[in-house]
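Here's the structure we're looking at; comments come further down.
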Amino acid sequence: MPTELYFLGAGKPVSGDRPAAIKNIANNTKALDWQLNSFSGVVQEKDTYFLGGYHVDEVVDLYPNLNFTVTPDWQSKNALDTLLHAPLSGNSAFITYSDTLFGKNLVDKLPIGGNEVIVVVDSLWKKRFRDRTQKDIANAETIILSNEEVEYTGLVYLNEQSMDVLRKVQKNDDGEFVGNNFQEFFNFLEFKGIKINYVDVLGDWAEFNSTHDITNFILGTKADTLSRLENIVRDSHIGAQFNFTVKQWLSSPSSVISKIQKKFSKTKLVVRSSSAAEDNWNSSNAGGFESILDVSSSNKTDLSSAINSVANSYGDRKDLSDQILVQEFLQDVSMAGVVFTCSIENGAPYYRFNFDDSSKSTESVTAGNKANLRTVILNKSRSESITEVAPELINVLNAIQEIEELLNFDKLDIEFAVDSKSQVHIFQVRPIVVNHDSYDIDSIQITDSLQNNINRFQELQKKLPQISGSRTLFANMPDWNPAEIIGVKPKPLAFSLYQQLITNDVWAQQRKEFGYRDVRPLPLITSFSGQPYVDVRASFNSFLPKGL
């Protein structure tokens, strides 16, 4: 009999206004895409059920091949209630929350198929990711095992025996109560004589209540990311590195120095900060810590001094788990800078290159020195236009796109340099951990909107019989300035009222009455992706005397 899969996705998500299952994770991959891939080795899509409630129609539209059930009164029900309303066939099944992520290797290795239930828990739940809030810890769903509190991950495998028990409860054959939550349900199964095997994932999973959790699950630490990439990148070079924590340095500096000198013999080094605080763009600490360049690996005094400078730059409240990164020093530099692979403000699909191609310094951008810096913003769906805008960045773009593909992650902060031979060197790859939950960006929707804008712009270029000018321009300030009156990003209601009351007809009627050319029915304002722009040709014509 086939094993089935049930996603418990009825409830409203903690953040955002879309179901957790269709939250974008990376590269326009949605959570449910990731989850379906993780279970693809053990469950077929035709045997997959989504137990929905909140905006379930949006999930149905995107995944029509799944089986769907709407949980009655889902607003007042919990996850166990959702399961009890599922169309259970009696086959063995995986049950999982729709707002969690697991690796495919983990799912494939679960010891299913025996005479026991598999419950996946996490003993490292309090330390799974850095800066987990006390509120999040307090809200975690935990289970007591051998006097130890562990977190229930929401993933359980129920064998056929336990599914039979569950179906009897559904039919109310015995009038039994299985419990108010999953821990009580597992206790109920054990009372029925069913053996439960608790599998500890040791932090190798994620849930959607924290951006830190997802990035840590996909990328690991900054040092982990570089190590993962070092031997597999082809379009860039990642130099040898050695990292250690502030705690390791303070407890055994001589051991750290010895390891550095063993790895880098007679080499010029750079000693760099690698604090988690640098990843938090809400606190603007990027470039706020020391990096010491051109340090001789042979000189213990200079090396110790450089490490102390970096460690001290973390301040009195430094976290002992903060890292210090030692790498080979690149001396042949023609360009250096930073690339963000999405908009920092809202996660939109644009590359932002901040770089220096004049000073030959590797730290002019990261140190915050604004002199001679250049910025290029590139639409990811039209990335080939880099050849026209900034051809000197072609190799950098190729290197960045390769890293995105290898990591399957598209919210990255990458430090780079290019040498005189056009070789791209990657110094750091870090996640952008600004919380973009209030901006649930759909890259395909943005691309379609931009293409519609292009088509609309070209359509509006036609020569019109009642006005002069063979083409037009659009701006937000030349007439009845929408930027000043309703703003550059008005709400739809404000925009439509402004059009209806003034810029569709009244503006032109008033000027006609004053003796100017009547340009009606041409409107003054048009919309591009919801932003208001003035038709400059229409505006200029409306100020031509009627008899001219």
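Exactly one condition in (1) within 18 Å of residue 8 (Cα to Cα); (2) surrounded by fewer than 18 Cβ atoms within 10 Å (Cβ to Cβ); (3) of a type in the set (Phe, Trp, Tyr) is false for residue 177; which is it?
(1)
Within region 467-486, how many residues are under 19 Å from residue 520 (Cα atoms) and in contact (Cβ under 8 Å) with a residue 60 or more places away in the chain?
So the answer is 9.
Report, ordered by the first and then the second residue, all pairs with beta carbons closer than 8 Å, sequence separation of six or more or different chains, a first member in region 190-210 that is free of Cβ contacts under 8 Å to residues at least 40 places away in the same chain, and a second member that is part of a strand (DSSP E or B).
These pairs meet every condition: 190/196.
From the list 487, 515, which one is in contact with a Lys or Arg (Cβ under 7 Å, 6 or more places away or on another chain) and either open to solvent by less than 80 Å² (accessible area, probe 1.4 Å) or acidic (Asp, Glu) (or both)?
Of the residues listed, the single one that is in contact with a Lys or Arg (Cβ under 7 Å, 6 or more places away or on another chain) and either open to solvent by less than 80 Å² (accessible area, probe 1.4 Å) or acidic (Asp, Glu) (or both) is 515.
Give 423, 466, 500, 445 a once-over and let me know the one that is at pLDDT 90 or above, open to solvent by 40 Å² or more (accessible area, probe 1.4 Å) and out of contact with any Ser or Thr (no Cβ under 9 Å at 6 or more places or on another chain).
500
Under 7 Å by Cβ, and 6 or more places apart or on different chains, what pairs join a residue from region 505-531 that is under 18 Å from residue 476 (Cα atoms) with one that is open to solvent by 20 Å² or more (accessible area, probe 1.4 Å) and small (Gly, Ala, Ser)?
Going by the 7 Å Cβ cut-off, the qualifying pairs are 529/449.
Output the number of the condition that residue 77 fails; it satisfies all remaining conditions of (1) out of contact with any Lys or Arg (no Cβ under 8 Å at 6 or more places or on another chain); (2) surrounded by fewer than 16 Cβ atoms within 10 Å (Cβ to Cβ); (3) not β-branched (Val, Ile, Thr).
(2)
I'd like to check which strands (runs of 3 or more DSSP E) are fully inside region 21-138 and have at least 2 residues that are β-branched (Val, Ile, Thr) and within 26 Å of the chain's Cα centre (by Cα).
93-97, 116-122
Need the failing condition index for residue 144 against (1) open to solvent by 60 Å² or more (accessible area, probe 1.4 Å); (2) free of Cβ contacts under 8 Å to residues at least 40 places away in the same chain; (3) not in a strand (DSSP E or B), just the number.
(3)
Could you tell me which residue of region 288-312 is modelled with the highest pLDDT, considering only residues that are over 16 Å from residue 253 (Cβ atoms) and buried (at least 16 other Cβ atoms within 10 Å of the Cβ)?
296
Residue check: is residue 233 in contact with a helix residue (DSSP H, G or I) (Cβ under 7 Å, 6 or more places away or on another chain), open to solvent by less than 30 Å² (accessible area, probe 1.4 Å), at pLDDT 80 or above and within 21 Å of residue 408 (Cα to Cα)?
yes
The values are calculated or read from the model by the stated rules, or taken from the named source; none is laboratory data. Please read these numbers as outputs of a predicted model, since none were measured by experiment. Glycine gets a Cβ as well: all are built from the backbone with ideal geometry, and neighbour counts include every protein chain shown. Heavy atoms of the whole protein, side chains included, go into the accessibility calculation; ligands, DNA and RNA do not. Shrake-Rupley method; radii C 1.70, N 1.55, O 1.52, S 1.80 Å.
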